[in-house]
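For reference, the structure discussed in these notes is given below.
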Amino acid sequence: MNQSSTCNESSIEEAVRRTLAGDVSAFEGVVRQFERPLRVWLATQAPPAIDIDDVAQRTLIAAFSQLNKYQLGTNFAAWLFTIARYQLKSELTRIRRIADYHTRFAPELLQRELERRSNTTPELQELRLTQLQRCVKSLSEQENRFVVWRYNESMPLEQIASKSGRSVAAVKKQLWKIRRRLQDCVERHMASAGEAS
């Protein structure tokens, strides 16, 4: 573990302590630290029908409201990503419930796939996040710009379309391709890591 990582963990722990002591504004530091990693992780885990920005926001709200359940000195990131996994499952269940009779089969398949992906330990989730960060670095400058606009700056699709000179449909397609590429990249690295262990 490097010094920067240790420093981040101690600053997160301090922010959690202050929040639990009544300084609600201290939680902003936690949000800033995890907002982007959460969105990026969700983008690689969620099927296209899921609004990952909404799930990320609900994850942070749930973490804030359940902060007293977090055990100080343990792994906050693993705790938070476990909440994200359950929020993602809940959202998929909600979508499945409102699906009409003719589309019921597709959400079932999505649910199975999501369960397959999310039934992992916090340690494995952290490894996936590390591999994801590695894969993001392999994106082209243009692809990275799309990722930053959408998942870091939470830019609406219409604004991305305007900035990039593309249609909203083209932006959606580009983001889908990037997510698919990142997902494949993470799976390849995870398979390699599994073979090496």
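Some observations on this one:
- Multiplying the residue separation of K163 and R96 by 0.36 nm and removing their Cα-Cα distance gives an extension gain of 20.7 nm.
- Two-site label geometry, V148 and K69: point separation in nm, points 7 Å out along Cα→Cβ: 3.7 nm
- Backbone HN-Hα couplings from phi across region 49-57 [Karplus 6.51/-1.76/1.60, Hz, Gly and Pro as x]: 6, 8, 7, 5, 5, 5, 5, 4, 5
We did not get these values from a lab; they are worked out from the coordinates using the rules stated. Since this is a predicted model, take the numbers as computed values, not measurements. Cβ sites come from the backbone with ideal geometry, for glycine too, and all protein chains shown count toward neighbours.
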